Ligand code: NAD
């Protein structure tokens with residue numbers, strides 16, 4: 001298991017609250033382990049340690065090639081412990097071990113990608129308008145970074161933040177979701193083994209409203225990076241104004257998946273399912289909002305129904321399982337509430353809409369794949385993020401109508417569409433107001449490409465070269481000879 005303690009200034013500590021928290025297995029609500037629960041004091045100690053490591057202990061001055069070496073070493077250790085990490089992630093989140101293994105492979109790749117970028121930017125010489133002068137533009141690490149991650153992809157989301165910040169020369173205070181802290185703790189242990197200096201990486205456990213809020217408010221934190229819900233993101237943004245710290249937000253999504261009449265039908269059905277039922281729909285880029293053109297609407301709905309009926313729900317540790325439980329009792333209630341809302345709004349329930357009957361699953365937070373048709377744009381089930389195994393289907397007639405509806409949302413994380421018409425690919429990809437647009441695919445992401453949202457889905461980008469730049473300040477150095 002993990003040490004279950006805070007990691008502050010290179011030491012494993014219990015903190016001063018005396019509080020503990022049980023970490024639950026969503027499969028059957030059993031206790032996996034108990035970890036310490038910190039508060040504002042622990043956050044303050046961790047921020048002070050990160051401040052010292054940045055201001056006095058020389059981490060930003062460490063050659064980029066040495067920072068890269070440590071990150072490569074961490075990636076190797078993650079690969080060494082891949083199976084243990086994957087099982088821990090599945091215990092903590094309920095997702096299938098196969099999905100967790102993919103996550104761990106991605107995570108090792110993310111540390112390697114940013115390790116590789118760490119020593120590549122030597123700055124830029126620009127043309128000064130004045131004779132006998134030189135002008136250089138360099139990037140420098142932004143400073144102490146507070147990083148707050150969610151429960152749905154605990155270590156993956158943490159790695160999107162940790163790897164670029166460390167590569168850029170920042171020091172970090174990481175706060176994993178209190179619901180799913182285990183793999184982040186384990187990777188903190190691996191970072192210690194890899195040899196990162198004390199204070200460079202600090203991990204603090206505890207509730208968002210105390211530990212997270214302290215990180216967002218602290219004048220000693222230079223950048224706060226947050227992944228989670230919109231409401232929390234707005235709270236953090238307000239809290240960050242005190243010292244005008246930089247704010248990076250990866251928030252929710254309600255992602256349209258548009259199927260035109262001329263799509264490759266079977267592939268579009270496959271991906272409509274893949275787009276939603278990963279991790280029981282608890283994914284910010286879930287294509288939960290399926291829009292189908294008139295000509296194929298009935299056939300498409302029937303194909304979806306037949307395929308969804310066969311999805312095997314069960315333990316993430318059972319190889320036959322395709323979909324595990326939801327994360328918590330609280331989240332299960334939220335999904336159930338949305339199902340009631342959809343029914344009252346007049347959406348047509350075709351499948352699911354309840355918990356499984358299987359008595360073996362009765363103690364866990366399971367919910368059946370659920371399909372609603374005849375959905376309208378203004379329904380809450382269409383507009384709001386359910387974060388569960390629920391697809392709503394809307395019918396449309398023209399391309400113009402599809403684009404207008406798809407864009408009619410406060411979200412702007414990702415969208416996909418299916419067509420064989422090259423001109424339409426061009427038109428629709430330009431017209432959709434989302435941070436990622438997939439053509440004839442869905443839910444594809446990789447570390448080389450930037451990820452982030454338009455509108456209320458967020459601020460800034462993670463991954464790609466821009467993901468590293470977000471952790472830097474730009475300095476212009478002008479010299480008059
Ligand atoms: P959440 O907002 O409830 O919590 C996220 C984190 O914020 C947790 O660590 C929590 O402890 C902390 N937190 C809570 N209140 C806080 C406060 N006042 N100050 C500081 N920190 C606080 O979100 P969640 O339920 O854990 O995650 C689900 C949400 O995350 C969904 O909306 C999902 O779409 C979003 N998400 C987005 C992306 C993306 O890439 N855009 C990726 C994954 C998840």
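Could you say which residue among 35, 23, 31 is assigned to a strand (DSSP E or B) and more than 27 Å from residue 146 (Cβ to Cβ)?
Values: 35 fails: more than 27 Å from residue 146 (Cβ to Cβ); 23 fails: more than 27 Å from residue 146 (Cβ to Cβ).
None of the other options fit; the residue is 31.
Looking at this structure, is residue 22 surrounded by fewer than 17 Cβ atoms within 10 Å (Cβ to Cβ) and in contact with a helix residue (DSSP H, G or I) (Cβ under 9 Å, 6 or more places away or on another chain)? Let's see the steps before the verdict.
On the way: surrounded by fewer than 17 Cβ atoms within 10 Å (Cβ to Cβ): yes; in contact with a helix residue (DSSP H, G or I) (Cβ under 9 Å, 6 or more places away or on another chain): no.
The answer is no for residue 22.
Inspect the range 128-150 for any residue being under 18 Å from the mean Cα position of the chain (by Cα), within 16 Å of the ligand (Cβ to nearest atom), at pLDDT 95 or above and in a helix (DSSP H, G or I) and give the result as yes or no.
Filtering the range 128-150 down to residues under 18 Å from the mean Cα position of the chain (by Cα) leaves 145-150.
From the residues that got through so far, the ones that are within 16 Å of the ligand (Cβ to nearest atom) too are 145-150.
Filter again for at pLDDT 95 or above, leaving 145-150.
With in a helix (DSSP H, G or I) added as a condition, the list becomes none.
Scanning the range 128-150, I find no residue that is under 18 Å from the mean Cα position of the chain (by Cα), within 16 Å of the ligand (Cβ to nearest atom), at pLDDT 95 or above and in a helix (DSSP H, G or I), so the answer is no.
Scan (1) without any contact (Cβ under 8 Å) to a residue 24 or more places away in the chain; (2) away from the ligand (no atom under 14 Å from the Cβ); (3) touching a helix residue (DSSP H, G or I) at 6+ places or on another chain (Cβ under 7 Å) for the single condition residue 450 breaks and write down its number.
(2) is the only condition that residue 450 fails.
Away from the ligand (no atom under 11 Å from the Cβ) and under 23 Å from residue 164 (Cβ atoms): which single residue out of 200, 204, 211 fits that description?
Working: 204 fails: away from the ligand (no atom under 11 Å from the Cβ); 211 fails: away from the ligand (no atom under 11 Å from the Cβ).
Unique residue meeting the criteria: 200.
Out of curiosity, is residue 455 loosely packed, with under 15 Cβ neighbours inside 10 Å and either closer than 20 Å to residue 417 by Cβ or touching a residue at least 12 places away in the same chain (Cβ under 8 Å) (or both)?
Details: loosely packed, with under 15 Cβ neighbours inside 10 Å: no; either closer than 20 Å to residue 417 by Cβ or touching a residue at least 12 places away in the same chain (Cβ under 8 Å) (or both): yes.
The answer is no for residue 455.
I need a count of the residues in the range 418-438 that are more than 14 Å from the ligand (Cβ to nearest atom), touching a helix residue (DSSP H, G or I) at 6+ places or on another chain (Cβ under 8 Å) and more than 19 Å from residue 278 (Cα to Cα). Full working, then the answer.
Taking the range 418-438 and keeping what is more than 14 Å from the ligand (Cβ to nearest atom), we get 418-433, 437-438.
Still in the running and touching a helix residue (DSSP H, G or I) at 6+ places or on another chain (Cβ under 8 Å): 418-419, 424, 427-428, 431-433, 437.
Of the ones still in play, those that are also more than 19 Å from residue 278 (Cα to Cα) are 418-419, 424, 427-428, 431-433.
Number satisfying all stated conditions: 8.
Under the condition of being crowded, with 18+ Cβ neighbours inside 10 Å and more than 14 Å from the ligand (Cβ to nearest atom), which residue from the range 279-295 is nearest to the chain's Cα centre (by Cα)?
We begin by selecting, within the range 279-295, every residue crowded, with 18+ Cβ neighbours inside 10 Å; these are 279-293.
With more than 14 Å from the ligand (Cβ to nearest atom) added as a condition, the list becomes 290-293.
Working: 290: 22, 291: 24, 292: 28, 293: 31 Å.
By that ranking, first place goes to 290.
Looking at the range 224-244 only, could you name the residues that are more than 11 Å from residue 456 (Cα to Cα) and within 13 Å of the ligand (Cβ to nearest atom)? Don't jump to the end; show me each part of the working.
Going residue by residue through the range 224-244, those that are more than 11 Å from residue 456 (Cα to Cα) are 224-228, 232, 235-244.
If the condition is that a residue be more than 11 Å from residue 456 (Cα to Cα) and within 13 Å of the ligand (Cβ to nearest atom), then 224, 225, 226, 227, 228, 232, 235, 236, 237, 238, 239, 240 are the ones that fit.
Out of all the residues in the range 37-51, is one or more without any contact (Cβ under 8 Å) to a residue 24 or more places away in the chain and over 20 Å from residue 139 (Cβ atoms)? Steps first, please.
If we filter the range 37-51 for residues that are without any contact (Cβ under 8 Å) to a residue 24 or more places away in the chain, which is where we start, we get none.
Taking every residue of the range 37-51 in turn, none turns out to be without any contact (Cβ under 8 Å) to a residue 24 or more places away in the chain and over 20 Å from residue 139 (Cβ atoms).
What tally of residues in the range 373-408 results from selecting those that are assigned to a strand (DSSP E or B) and within 16 Å of the ligand (Cβ to nearest atom)?
Within the range 373-408, residues that are assigned to a strand (DSSP E or B) and within 16 Å of the ligand (Cβ to nearest atom) number 1.
Just need a number here: residues in the range 323-371 that are in contact with a helix residue (DSSP H, G or I) (Cβ under 7 Å, 6 or more places away or on another chain) and either within 16 Å of the ligand (Cβ to nearest atom) or touching a residue at least 24 places away in the same chain (Cβ under 8 Å) (or both).
Taking the range 323-371 first, the residues in contact with a helix residue (DSSP H, G or I) (Cβ under 7 Å, 6 or more places away or on another chain) are 323-327, 338, 341-342, 345, 347, 349-351, 353, 365, 367, 369-371.
With either within 16 Å of the ligand (Cβ to nearest atom) or touching a residue at least 24 places away in the same chain (Cβ under 8 Å) (or both) added as a condition, the list becomes 323-327, 338, 341-342, 345, 347, 350-351, 365, 367, 369-371.
Final tally of qualifying residues: 17.
Is it the case that some residue within the range 245-264 is within 23 Å of the chain's Cα centre (by Cα), within 16 Å of the ligand (Cβ to nearest atom) and on the phi > 0 side of the Ramachandran plot?
no
Only one of 416, 460 is touching a strand residue (DSSP E or B) at 6+ places or on another chain (Cβ under 9 Å), over 24 Å from residue 371 (Cβ atoms) and surrounded by 15 or more Cβ atoms within 10 Å (Cβ to Cβ); which? Break it down into steps so the answer makes sense when it comes.
Working: 416 fails: over 24 Å from residue 371 (Cβ atoms).
460 is the lone residue from the list that is touching a strand residue (DSSP E or B) at 6+ places or on another chain (Cβ under 9 Å), over 24 Å from residue 371 (Cβ atoms) and surrounded by 15 or more Cβ atoms within 10 Å (Cβ to Cβ).
Determine whether the range 179-190 contains at least one residue that is away from the ligand (no atom under 16 Å from the Cβ), modelled with pLDDT of 95 or more and either crowded, with 24+ Cβ neighbours inside 10 Å or more than 19 Å from the chain's Cα centre (by Cα) (or both). Show your work before the answer.
Filtering the range 179-190 for residues away from the ligand (no atom under 16 Å from the Cβ) gives 186, 189-190.
When the remaining residues are screened for being modelled with pLDDT of 95 or more, the result is 186, 189-190.
Restricting the remaining residues to those that are either crowded, with 24+ Cβ neighbours inside 10 Å or more than 19 Å from the chain's Cα centre (by Cα) (or both) gives 189-190.
Checked against the condition, which is being away from the ligand (no atom under 16 Å from the Cβ), modelled with pLDDT of 95 or more and either crowded, with 24+ Cβ neighbours inside 10 Å or more than 19 Å from the chain's Cα centre (by Cα) (or both), the range 179-190 yields at least one hit.
Yes or no: the range 158-168 includes at least one residue that is touching a residue at least 24 places away in the same chain (Cβ under 8 Å) and more than 26 Å from residue 474 (Cα to Cα). Talk me through it step by step, then tell me what you get.
Quick first cut of the range 158-168, residues touching a residue at least 24 places away in the same chain (Cβ under 8 Å) only: 158-168.
Subsequent filtering for residues that are more than 26 Å from residue 474 (Cα to Cα) retains none.
So far as the range 158-168 goes, no, none of its residues is touching a residue at least 24 places away in the same chain (Cβ under 8 Å) and more than 26 Å from residue 474 (Cα to Cα).
Which one of these does residue 410 not meet: (1) surrounded by fewer than 17 Cβ atoms within 10 Å (Cβ to Cβ); (2) out of contact with any helix residue (DSSP H, G or I) (no Cβ under 7 Å at 6 or more places or on another chain); (3) in contact (Cβ under 8 Å) with a residue 12 or more places away in the chain?
Among (1) surrounded by fewer than 17 Cβ atoms within 10 Å (Cβ to Cβ); (2) out of contact with any helix residue (DSSP H, G or I) (no Cβ under 7 Å at 6 or more places or on another chain); (3) in contact (Cβ under 8 Å) with a residue 12 or more places away in the chain, the lone unmet condition for residue 410 is (2).
What residue, among those in the range 107-130 that are within 21 Å of residue 191 (Cα to Cα) and out of contact with any helix residue (DSSP H, G or I) (no Cβ under 6 Å at 6 or more places or on another chain), is surrounded by the most Cβ atoms within 10 Å (Cβ to Cβ)? Can you show your working first?
As a first pass, look at the range 107-130 and keep what is within 21 Å of residue 191 (Cα to Cα): 107-119.
Keeping just the survivors that are out of contact with any helix residue (DSSP H, G or I) (no Cβ under 6 Å at 6 or more places or on another chain) gives 109, 113, 116.
Details: 109: 18, 113: 22, 116: 13.
Applying the filter and picking the extreme gives 113.
The values are calculated or read from the model by the stated rules, or taken from the named source; none is laboratory data. These numbers were taken from a predicted model, which means no experiment stands behind them. Here the Cβ is made from the backbone with ideal geometry for all residues, glycine too, and neighbour counts use every protein chain on show.
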